[in-house]
Structures are given as structure tokens and as C-alpha cells.
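Note sheet for the following structure.
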Amino acid sequence: MNETKIASSNFWIRGKRETKKFYEINLNRSTNFKTFAFGFLLAALIVFPIGLMIYQFLMIYGYNLSIFGVYLTLIWMALMFFNGLSNYLTVKMAQAAAKDIVNLQAIDAGAIFLYQLLNPGFGIVILIIIVVGAIQAMGAL
């Protein structure tokens, strides 16, 4: 009993469970596409100014190797935030679009945000892509 209570309060386990519940819900194809597209675009609009700021700092200070790691870290953090925000907004828009699905309304979008924000699979893949892109930008490959 006590382990169940501890596990349910853990944001990681709760986020993973809520994500799985969301993926198991069968939305019709148009609702599924619309909620994903609008969630993705709205998250892009929110994260875009951060990307512009990072780009401006890169153009001002150039490809200075002492600060280049900070750029890569900021880009990685912005993409992780984008992933969490996109999933959060997709769930919220699906909840608004399909109010009659009780299982969907019971999903905690905040737990999904935290889980996707810290998703190690996405984080490692995007980190590899960023590092390979940075190496190519520096002219090493």
C-alpha cells in the first residue's frame, strides 16, 4: 500500500503512465492530426524567440570555442522544453476538442509535460544530432 502511494506521487512514473494512457486513447484521425499540428505550431511560436536569441548571440560572439558549449547546451535545453511543451499543448487541445471522452479528461497534462521535458530517449537522440551538427559546422567532418 505504501509503495503504491509513493509510486503515484513520483512525477516520473505518473508522467509515464499518463503518456501511455494518452497514446491508448483512440481519437478520430482529424482530431488527432489537428491537436498535434496546433500543439506543435503553438509550441514553436513560444520557443521561436528563444531560438532567435541564441542565434543572435551566436552571430554577435561568433564561433568562439570557449562559449560554443554553452550555445549547444542552450539549444539542447530549448529543444527539450519544446518537446515537453508540444506534448502538453497536444494533450490540452485534445481535451478541449473531445470533451466527451472521460479517459482523456482524466489525463494530467502537467505530468506529461514534466515527463517529456526530461525524456532521456529524446534527449540523447537530439544531443547526438546537435553534437554532429556542431562538428560539421566547425568544419571538422
Inset, instruction - For Tyr61 and Val131, calculate 0.36 nm times their separation in residues minus their Cα-Cα distance, and state this gained length in nm to one decimal. - result: 23.3 nm
Inset, instruction - With an 8 Å cut-off on Cα pairs and a minimum separation of 6 or more residues, tell me the relative contact order of segment 69-141 in percent. - result: 43 percent
Legend entry - Computed label-point distance, nm, for sites Met53 and Leu74 using a 7 Å Cα→Cβ extension: 0.8 nm
Inset, instruction - Using Cα pairs closer than 8 Å and at least 6 residues apart in sequence, work out the relative contact order for segment 28-100, in percent. - result: 60 percent
Legend entry - Full-stretch length increase - Phe40, Gln105 - with 0.36 nm per residue and alpha-carbon distance subtracted: 21.4 nm
Legend entry - Relative contact order, percent, the chain [alpha-carbon distance under 8 Å, six or more residues apart]: 36 percent
Inset, instruction - Could you check the simple spin-label distance between Ile124 and Met138, using points 7 Å along Cα→Cβ, in nm with one decimal? - result: 2.3 nm
Inset, instruction - Report, to two decimal places, the Cα Rg of segment 13-137 normalised by 2.2 N^0.38 Å (N = number of residues). - result: 1.24
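All of the numbers you see were taken from the coordinates with simple rules; none came from a lab. Just so it is clear, the model here is predicted, and its values are computed rather than measured. Positions of Cβ are backbone-derived with ideal geometry, glycine not excepted, and every protein chain shown enters the neighbour counts.
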